[in-house]
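What follows is a single structure, written as structure tokens, with notes after it.
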Amino acid sequence: MVQCGEHTIDQVKRYGLEIIQPAGGYRFSLDALLLADFVMAAEDAGMVDLGTGGGIIPLLLCRRYQSATVVGIENNSTMAELARENVARNGLADRVRIVTADVADTRSHFPVSTFDGVVSNPPYRTPVSGRISPKAGRDTARHESSAGLVDFLAAAKYLVKPSGRIWFIYHPDRMAEFIACASEQKLALLRLRMVHGRLDAPARMFMAELAKGRKGETAVLPPLIIYSDNGDYTREAQSILADQTGT
């Protein structure tokens, strides 16, 4: 990490990315890296990231899938501009486009069934829950504001093609609500994976793959454990996260 005034420049070494982030505001976490790894898409997929922040997920997806194109939607104009800087900095302006818009207003920006895949790491706290962060910008990323969970799922359903897939990472405290909302939107839950910090610890996140216009059984995958007993990454976490970030 390199400090540059009010921002830092962080490297995602595995994918050869440099990401500019607010030094004291919203910064991407392991959630984005885990979600990008959870995505299973065609090499030339057209995808959209709902609530893209600084654009980390579109950049990761374009590195994973060399012919993919990704649109990032972000309602915070400051973060959207930072995302555009990150896209240009990493030479991906021909494959990544950032749109400043609210997730709840996607219908006015895109036709129905535009994308092969929709990905999202949405805010997981309700407006009155959770600890309030003293750092500017972090609450917008963590707490629902203009768009809530229903809006994110509705936007995902609207934007994805019938043959496409939707991938979310979310907090287990709201899993029952997530599944109920997805069912109301007639989105089938195809894959579900819990993420635990340690084997004996409660789940800290879950990842879900959804599809519209179809029915099917849910594949509950083995849990992803991040840390072993000695505090090191587990073998699987190592393959996903090792050498991802650094100075």
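The values are calculated or read from the model by the stated rules, or taken from the named source; none is laboratory data. Keep in mind that what you see is a predicted model, and the values were worked out from it rather than measured. Glycine also receives a Cβ, built like all others from the backbone with ideal geometry; neighbour counts cover every protein chain displayed.
Quick look at the values:
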read-out: Failed condition for ALA23, given (1) surrounded by fewer than 17 Cβ atoms within 10 Å (Cβ to Cβ); (2) out of contact with any Asp or Glu (no Cβ under 6 Å at 6 or more places or on another chain); (3) of a type outside the set (Asp, Glu); (4) over 26 Å from PHE110 (Cβ atoms); value: (2)
read-out: Selection from segment 134-181 of residues that are under 14 Å from the mean Cα position of the chain (by Cα) and at pLDDT below 95; value: ALA141, ARG142
read-out: Search result, residues across segment 189-212 that are out of contact with any Asp or Glu (no Cβ under 8 Å at 6 or more places or on another chain), charged (D, E, K, R) and either crowded, with 18+ Cβ neighbours inside 10 Å or closer than 26 Å to SER113 by Cα (or both); value: ARG193, GLU209, LYS212
read-out: Hey, LEU50 more than 27 Å from TYR233 (Cβ to Cβ), modelled with pLDDT of 95 or more, of a type outside the set (Ser, Thr, Tyr) and crowded, with 23+ Cβ neighbours inside 10 Å or not; value: yes
read-out: Qualifying position, being on the phi > 0 side of the Ramachandran plot and in contact (Cβ under 8 Å) with a residue 24 or more places away in the chain, among LYS186, LYS212; value: LYS186
read-out: Some residue of segment 170-188 being surrounded by 11 or more Cβ atoms within 10 Å (Cβ to Cβ), touching a Lys or Arg at 6+ places or on another chain (Cβ under 7 Å) and part of a strand (DSSP E or B); value: yes
read-out: Residues within segment 8-55 that are more than 12 Å from ASN121 (Cβ to Cβ), in contact (Cβ under 8 Å) with a residue 40 or more places away in the chain and assigned to a strand (DSSP E or B), tallied; value: 12
read-out: Count of residues meeting criterion [crowded, with 20+ Cβ neighbours inside 10 Å and in a helix (DSSP H, G or I)] in segment 56-109; value: 15
